Every structure is written in C-alpha cells, then in structure tokens.
Amino acid sequence: MEKQLIVRLKMNFDSIVHKTEESTEYWLARELQVVLGYAQWRRFAETIDRAKAACQNSGNDISNHFAEVGKMVSIGSGAEREIEDIMLTRYACYLIAMNGDSSKNEVAFAQSYFAVQTRKQEIIEERLELIHRLQLRDQLRDAEKRLSQNIYERGVDDSGFARIRSKGDKALFGVTTQQMKDRYGIKSGALADKLPAVTIAAKTLATEMTNLKIEQDDIQGEQPITDEHIQNNSSVRKMLSDRGIKPERLPPEEDIKKLERRVKREEKQLADDEQLLPPGEGE
C-alpha cells in the first residue's frame, strides 16, 4: 500500500473519532462505513453482525461496544427522517475491521490501525496497573525499612527482624510466609512482588501500626515488639475477614518485576508498529 494512501486513510480514521462528555472515544457506524469503502449500508450491516457475533463469542457484552442510536438526515426540501446508526467503541471498530472485506485497501489498513490503537490502550491500562502496584510495593518497603530501624534501635538484630516479620505474616495469612510462597509458586524473590494490591496495602497498614505503637510507647525487646506486630496483623486480618476477604485465598498477581519488563518490551514493540502508521500532514 503506497505511503500517500496510508497517510490519507489514517487522516480519514482520525477525523471521525468522537468523544463523549467524559472524553470517551467512539465512532459512528455510518461514518465508519464510508471510511471503510462500503457503498451500501446493507453490506456493511452484515459485517457489523459478524463483528457482534465475534464480540459475544469472546465473552464480551455486545451492548457495551455496540449502542443503537438514531440519526436525523436531510431528505430534501427541508425535510428530515431518522435512520439507524450505531455508536462503536474502539474494540467494536477493530472487530468490524477484522470481519470486513480485506480485499479493500481501507479495510486492510483499518485492521492494522485498530489493532495498534487497541493494543496502545491495553498497554496504557497495564502501565497504570503497574504504577499502582509499584507505589503500593514502595510504601510497604518503606514501612518495613522503618520497622527494621525501629527494632534495631531497641536491641533487636537482623535475625530478630526476620522472625518478627515472619510471625506477622502468619497472623495475617493464617499460614507461614514460606507456605504462601509455595502456594504462589515463588521459587525466589519476595512474596510481596506477587501479592494483589489489597494484600500489599494490608501488610503496609499492619506494619505502620506496629511502627506507631513502638514509637509512641517506646516498646523494647524482640518479644514485646513481636506481640505488638502479631496483634496488629491479626486486627487487619479480622477487618478483611469481616468483609469476606481471606488474604491467603486471593490468587497471585503477575510478578511486579516481570510485569515491568513486559510493559517496557510491549511499549517498544508498539512504537515499532506505529511506524507503519505515519502521521498525516499537520500532525
């Protein structure tokens, strides 16, 4: 496909994007029909039906991606009539392109265009998830660093810190740290790197509660600090249990370090793919 044609097609697609008041992107089927090179609505509607079937087969709710709407058009002499139209999400447009007539240059381009754009949105969502988990992980790391400093100043060595933290985990999970690692299939690395966000936050809360009590009450020695840490983790576990959450039963998340590497790799691949979709003039 010639570069000039690719540029023109990209400009056509970009020109028909609409946004709701909440800045959510959507397309209108009647406008997409023209851009994809379909002269007849009947033929395009058949493609939409195939796209809807693909949407349903993938486990998605059709109504979340294909919204029936009416549209007023002029029929001459100042008269208007309502015709059917459909508000489409990016995913719906992608399915329509994938189920379209690939012998059309417009459809062939759309298949690449929406695949790249849909993947871009997925990577953005993955990066937001990664940032959220990294922030929670850093908060836990800071809380445990503060706990280590607090207990060291009160006569407890590194081995004592490990025992205190382990007993806190036992109070929170109902099983030992190693048992949780075994459940999550962790051969090396920290348990927190695969914990879901709510459990990381729970561990941080219990640890900060222990820090506060140590500093406020000037608790001294390994056993009193251990008792305090166990009590705080038990309290947090009860709070979760009261809401029907058993932290030891929650499935593991993807390892944070692996997720970080994958997002960076996919961002690089996406940047390479976007080179196939050059910007239009003036962009």
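The values are calculated or read from the model by the stated rules, or taken from the named source; none is laboratory data. Just so you know, these numbers come straight off a predicted model, no measurement behind them. When we count neighbours, we look across all protein chains shown, and the Cβ atoms used for this are built from the backbone with ideal geometry, even at glycine. Accessible surface is based on the protein model in full, side chains and every heavy atom, while ligands, DNA and RNA are left aside. Shrake-Rupley method; radii C 1.70, N 1.55, O 1.52, S 1.80 Å.
Values for this structure:
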item: Of the criteria (1) part of a helix (DSSP H, G or I); (2) within 13 Å of Ile214 (Cα to Cα), which one Arg154 fails; result: (1)
item: Leading residue by the ranking (farthest from Leu191 (Cα to Cα)) among those in segment 120-152 that are open to solvent by 30 Å² or more (accessible area, probe 1.4 Å) and among the basic types (Lys, Arg); result: Lys120
item: Residue in segment 67-76 that is modelled with pLDDT of 85 or more, open to solvent by less than 70 Å² (accessible area, probe 1.4 Å) and either part of a helix (DSSP H, G or I) or not β-branched (Val, Ile, Thr) (or both) present; result: yes
item: Top-ranked residue of segment 81-109 - restricted to ones that are in a loop (DSSP other than H, G, I, E, B) and free of Cβ contacts under 8 Å to residues at least 12 places away in the same chain, ranked as nearest to Gln56 (Cα to Cα); result: Ser102
item: Neighbours by Cβ (under 6 Å, 6+ apart or cross-chain): first from segment 1-16, at negative phi and at pLDDT 80 or above; second open to solvent by 40 Å² or more (accessible area, probe 1.4 Å) and not hydroxyl-bearing (Ser, Thr, Tyr); result: Ile16/Glu31
item: In segment 211-239, the residues that are part of a helix (DSSP H, G or I), surrounded by fewer than 18 Cβ atoms within 10 Å (Cβ to Cβ) and either small (Gly, Ala, Ser) or under 27 Å from the mean Cα position of the chain (by Cα) (or both); result: Ser234, Ser235, Met239
item: Leading residue by the ranking (nearest to Asp101 (Cα to Cα)) among those in segment 36-55 that are free of Cβ contacts under 8 Å to residues at least 12 places away in the same chain and open to solvent by 80 Å² or more (accessible area, probe 1.4 Å); result: Arg43
item: Test: residue in segment 262-269 that is in a helix (DSSP H, G or I), under 30 Å from Asp169 (Cβ atoms) and modelled with pLDDT under 80; result: yes
item: Residue list for segment 197-210, filter: open to solvent by 10 Å² or more (accessible area, probe 1.4 Å) and closer than 19 Å to Gln178 by Cβ; result: Lys203
item: Within segment 37-59, tally of residues that are within 32 Å of the chain's Cα centre (by Cα), in a loop (DSSP other than H, G, I, E, B) and modelled with pLDDT of 90 or more; result: 1
item: Residue that is surrounded by the most Cβ atoms within 10 Å (Cβ to Cβ), among those in segment 153-190 that are touching a Lys or Arg at 6+ places or on another chain (Cβ under 7 Å) and hydrophobic (A, V, I, L, M, F, W, C); result: Leu172
item: Test: residue in segment 110-120 that is hydroxyl-bearing (Ser, Thr, Tyr), within 28 Å of Leu32 (Cβ to Cβ), more than 17 Å from the chain's Cα centre (by Cα) and in a helix (DSSP H, G or I); result: yes
